[in-house]
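Taking it in order: structure first as structure tokens, then the write-up.
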Amino acid sequence: MKSVEMKKGRTFVLTLETGESIKAEIEGFCKTQNITCAKVTVIGGVGAGSTFVSGPMLVDGKETEPIKPLTYTTDAPAEFAGVGTVFPDESGNPVMHLHGSLGRNGMSVTGCFRDKALAWLTLEVIIEELTGDAPVRKMDPVKAVAPLWNERFLTNV
């Protein structure tokens, strides 16, 4: 385990409308408000055609390198609840990482929502800014993911 201490900053409430991209709207808002790090809570509806990663694809029962994502696409609007983080990439741009569950007609699916997650009807977002010595998302070219990294991470706390 690694850790770094951060402090609470400003809090914002957003409402996204049908068809708006969850990732683009939240990252764009963070950029205009000069938020590089935040905790994000999302609740509301996602639209048909939204996609998310629901695990790695396996070849002969094993993960591949780079990791190939297993994606799920919604075929109709669904209810959604999720939590995530925003941390800067190596260029300083805010990048959201959002996991959540969606449900429709008694069925639910959980995963990591990426570029094509669209709001449906109304989607409420709470952004809680974090301040301090921020971790950065550094791309791991072998795994094709960008985990958090900070030279000041405390280890084995």
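Every number here is computed from the coordinates shown, using simple stated rules; none is lab data. Being a predicted model, the structure only gives us computed values, none of them experimental. Glycine also receives a Cβ, built like all others from the backbone with ideal geometry; neighbour counts cover every protein chain displayed.
Summary of computed values
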{"read-out": "Inter-label distance for residue 124 and residue 5, nm, one decimal - labels placed 7 Å from Cα along Cα-to-Cβ", "value": "3.3 nm"}
{"read-out": "Tail beyond 19 Å, pair distance distribution of region 58-126 (Cα, percent)", "value": "48 percent"}
{"read-out": "Isotropically averaged projected area of the chain, using the convex hull of Cα atoms (one quarter of hull area), nm²", "value": "10.5 nm²"}
{"read-out": "Within a Gaussian network of the chain (alpha carbon springs, distance under 10 Å), most fluctuating of 91, 50, 21", "value": "91"}
{"read-out": "Pairs of lysines in the chain (C-alpha under 20 Å apart; 8 or more residues apart or interchain)", "value": "19"}
{"read-out": "The chain: calculated mean residue ellipticity at 222 nm from DSSP helix runs of at least 4, using -39500 (n - 2.57)", "value": "-2000 deg cm²/dmol"}
